[in-house]
Amino acid sequence: MENNFWQKLKKPILALAPMAGVTDSAFRQICQKNGADIIYSEMANVSALFYNPKKTLELVKSSKKEKNYVIQLFGKDPEHFAVATKIITQKAKPAGIDINFGCPAKKVFGHGSGCALMPQKKLAREIISAVIENTNLPVSIKIRAGIGSTDALKFIRSVKDLDFKAVMVHGRTYEGKFTGQVDFKLVEKIKKLIPEKIVLANGGITKPEDGLEILKNHPTLDGLGIARGTFGQPWIFEEIKFLFRHPERKSKGKSFNEIKQIMLEHSELLWKEKQDRGMFEVRKHLAWYIKGFPGASEMRQRLMLVKNPKEIKKILK
């Protein structure tokens with residue numbers, strides 16, 4: 001029996017969008033604690049799962065505390081997607097599975113995956129069908145506004161009869177990468193085309209006010225997917241929710257003491273999960289957290305050398 005958690009979520013739905021090297025279990029837990037309704041894994045390669053699943057299963061493992069956790073798969077071979085889907089469903093046990101049709105990164109695109117699949121509508125259909133047929137979990141997709149002569153509307157028209165439950169649309173084209181114009185009107189047109197499915201808009205949301213503006217100006221959308229806007233402010237989700245409920249008020253923000261608490265909690269989760277490797281990976285987060293604070297430059301230099309959470313606590317004191 002399929003459990004479609006998407007339909008049970010209160011709107012607007014706010015999701016932590018998938019990001020390679022960022023959305024590990026520790027960061028997902030921090031974002032969920034600070035208002036994220038859905039949390040996505042880092043991208044998992046279906047061919048790696050097909051040939052040697054151990055390392056990739058380690059990448060996408062989750063804590064029991066993680067709710068509405070979606071694992072995102074990328075690749076280009078329907079057979080690999082079918083096998084990977086079975087493995088993920090049985091071993092990783094997430095709440096849902098997502099298929100990446102939106103990544104513009106050279107490494108992924110050059111391999112024929114991610115956004116490179118959008119113009120290949122027949123292959124895209126085969127991939128979506130392969131995933132749906134091999135799991136009882138709700139399936140979703142992530143796409144871009146377009147690539148070349150294939151825009152997101154054309155792509156959705158070619159697959160909309162398939163039983164995926166949700167789509168996250170990055171409002172920039174492949175050519176626009178991460179800095180081009182974000183087309184939220186296009187995302188609204190997609191919602192009109194598939195009213196029975198959940199449609200989330202993604203791209204260019206760097207502060208809570210951005211999120212409020214998009215939700216206010218595009219009321220038919222079901223919610224937002226937030227990626228780089230979470231860097232150094234994983235509480236952006238609860239801030240957007242606060243502004244949505246109280247549009248007349250200003251974003252509350254966090255005091256430095258509150259930020260320090262989140263930094264320590266994040267560091268401890270990473271230490272527990274990955275030990276020394278976690279302390280290496282937390283450095284980028286620590287730099288994002290303290291950006292803009294007095295003495296940030298000197299503090300950042302010291303934080304870049306930390307070996308355990310106790311050292312981080314000492315520096316923050």
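The values are calculated or read from the model by the stated rules, or taken from the named source; none is laboratory data. Being a predicted model, the structure only gives us computed values, none of them experimental. Counting neighbours? That spans all protein chains shown, and the Cβs are built from the backbone with ideal geometry, glycine included.
Tally the residues that are in contact with a Gly (Cβ under 6 Å, 6 or more places away or on another chain) and either closer than 23 Å to Gly96 by Cα or not assigned by TED's automatic domain parsing to the domain that holds Cys103 (or both), restricting the search to the range 160-183. Working first, answer last.
Of the residues in the range 160-183, the ones in contact with a Gly (Cβ under 6 Å, 6 or more places away or on another chain) are 168, 170-173, 182-183.
Those left that are additionally either closer than 23 Å to Gly96 by Cα or not assigned by TED's automatic domain parsing to the domain that holds Cys103 (or both): 168, 170-171.
Adding up the residues that qualify gives 3.
Out of everything in the range 174-224 that is among the aromatic types (Phe, Trp, Tyr) and buried (at least 18 other Cβ atoms within 10 Å of the Cβ), what residue ends up being nearest to Glu239 (Cα to Cα)? Steps first, please.
First pass over the range 174-224, keeping only residues among the aromatic types (Phe, Trp, Tyr): 174, 178, 184.
Pick out the ones that are also buried (at least 18 other Cβ atoms within 10 Å of the Cβ) and you get 174, 184.
Working: Tyr174: 29, Phe184: 21 Å.
Looking at residues that are among the aromatic types (Phe, Trp, Tyr) and buried (at least 18 other Cβ atoms within 10 Å of the Cβ), I get Phe184.
Suppose we filter the range 203-218 for residues that are outside any helix (DSSP H, G or I) and farther than 25 Å from Thr150 by Cβ; how many remain?
To start, the set of residues in the range 203-218 that are outside any helix (DSSP H, G or I) comprises 203-207, 218.
Filter once more, so that each one left must be farther than 25 Å from Thr150 by Cβ: 206-207.
Here the count works out to 2.
Sort out which residues of the range 101-137 are in a loop (DSSP other than H, G, I, E, B), surrounded by fewer than 21 Cβ atoms within 10 Å (Cβ to Cβ) and not hydroxyl-bearing (Ser, Thr, Tyr), and write them in order of number. Before you say what the answer is, go through the steps one by one.
Of the range 101-137, the ones in a loop (DSSP other than H, G, I, E, B) are 101-105, 110-113, 118-120, 134-137.
Applying the additional criterion that residues be surrounded by fewer than 21 Cβ atoms within 10 Å (Cβ to Cβ) yields 104-105, 110-112, 119-120, 134-136.
Listed by number, the residues that qualify are Pro104, Ala105, Gly110, His111, Gly112, Pro119, Gln120, Asn134, Asn136.
If I filter the range 138-159 for residues that are at negative phi, assigned by TED's automatic domain parsing to the domain that holds Asn68, in contact (Cβ under 8 Å) with a residue 60 or more places away in the chain and in a loop (DSSP other than H, G, I, E, B), do I get at least one hit? Even if it seems obvious, please write down each step before you answer.
Applying the first criterion (at negative phi) to the range 138-159 yields 138-145, 147, 149-159.
Then keep just the ones that are assigned by TED's automatic domain parsing to the domain that holds Asn68; that gives 138-145, 147, 149-159.
This time we only want the ones that are in contact (Cβ under 8 Å) with a residue 60 or more places away in the chain, so: 138, 140, 142.
With in a loop (DSSP other than H, G, I, E, B) added as a condition, the list becomes 138.
Looking through the range 138-159, at least one residue is at negative phi, assigned by TED's automatic domain parsing to the domain that holds Asn68, in contact (Cβ under 8 Å) with a residue 60 or more places away in the chain and in a loop (DSSP other than H, G, I, E, B).
Any idea which of Leu200, Leu221 is within 22 Å of Phe178 (Cα to Cα), in a loop (DSSP other than H, G, I, E, B) and under 19 Å from the mean Cα position of the chain (by Cα)? So that I can check it myself, show each step before the final result.
Working: Leu200 fails: in a loop (DSSP other than H, G, I, E, B).
The match here is Leu221.
Read through the list (1) within 26 Å of the chain's Cα centre (by Cα); (2) modelled with pLDDT under 95, then give the number of the only condition that Ala227 fails.
Answer for Ala227: the failing condition is (2).
Any residue at all in the range 30-48 that's in contact with a His (Cβ under 9 Å, 6 or more places away or on another chain), closer than 30 Å to Glu258 by Cα, crowded, with 19+ Cβ neighbours inside 10 Å and among the hydrophobic types (A, V, I, L, M, F, W, C)?
The answer is yes, given that some residue of the range 30-48 is in contact with a His (Cβ under 9 Å, 6 or more places away or on another chain), closer than 30 Å to Glu258 by Cα, crowded, with 19+ Cβ neighbours inside 10 Å and among the hydrophobic types (A, V, I, L, M, F, W, C).
What pairs come up if the first residue lies in the range 110-131 and is of a type in the set (S, T, N, Q), the second is part of a loop (DSSP other than H, G, I, E, B), and their beta carbons are under 6 Å apart, counting only those six or more places apart or on different chains?
Going by the 6 Å Cβ cut-off, the qualifying pairs are Ser113/Gly75; Ser113/Lys76.
In this structure, is Gly102 touching a residue at least 12 places away in the same chain (Cβ under 8 Å), over 18 Å from Asp161 (Cβ atoms), in the same structural domain as Arg28 (by TED's automatic domain parsing) and touching a His at 6+ places or on another chain (Cβ under 6 Å)?
Details: touching a residue at least 12 places away in the same chain (Cβ under 8 Å): yes; over 18 Å from Asp161 (Cβ atoms): yes; in the same structural domain as Arg28 (by TED's automatic domain parsing): yes; touching a His at 6+ places or on another chain (Cβ under 6 Å): yes.
So Gly102 fits the description; yes.
Could you count how many residues in the range 170-194 are part of a loop (DSSP other than H, G, I, E, B) and farther than 17 Å from Leu215 by Cβ?
At the first step, the residues of the range 170-194 found to be part of a loop (DSSP other than H, G, I, E, B) are 174-183, 194.
Still in the list and also farther than 17 Å from Leu215 by Cβ: 174-181, 194.
Residues in the range 170-194 being part of a loop (DSSP other than H, G, I, E, B) and farther than 17 Å from Leu215 by Cβ: 9 in total.
Kindly evaluate Ala17 against the criterion of being crowded, with 19+ Cβ neighbours inside 10 Å, out of contact with any Cys (no Cβ under 8 Å at 6 or more places or on another chain) and in the same structural domain as Arg172 (by TED's automatic domain parsing).
Values: crowded, with 19+ Cβ neighbours inside 10 Å: yes; out of contact with any Cys (no Cβ under 8 Å at 6 or more places or on another chain): yes; in the same structural domain as Arg172 (by TED's automatic domain parsing): yes.
Against the criterion (crowded, with 19+ Cβ neighbours inside 10 Å, out of contact with any Cys (no Cβ under 8 Å at 6 or more places or on another chain) and in the same structural domain as Arg172 (by TED's automatic domain parsing)), Ala17 qualifies.
Among the residues of the range 235-289, which ones are of a type in the set (Asp, Glu), within 25 Å of Asp210 (Cβ to Cβ) and either crowded, with 16+ Cβ neighbours inside 10 Å or within 20 Å of the chain's Cα centre (by Cα) (or both)? Give the derivation first.
Going residue by residue through the range 235-289, those that are of a type in the set (Asp, Glu) are 238-239, 248, 258, 265, 268, 273, 276, 281.
Subsequent filtering for residues that are within 25 Å of Asp210 (Cβ to Cβ) retains 238-239, 248, 258.
Within the range 235-289, Glu238, Glu239 qualify.
Assigned to a helix (DSSP H, G or I) and modelled with pLDDT of 95 or more, is that true of Phe237? Outline the logic, then answer.
Numbers: assigned to a helix (DSSP H, G or I): yes; modelled with pLDDT of 95 or more: yes.
Here the answer is yes, as Phe237 does meet what is asked.
Identify the residue in the range 132-188 that is in contact with a helix residue (DSSP H, G or I) (Cβ under 7 Å, 6 or more places away or on another chain) and hydroxyl-bearing (Ser, Thr, Tyr) and, among all such residues, is farthest from Val83 (Cα to Cα).
Tyr174
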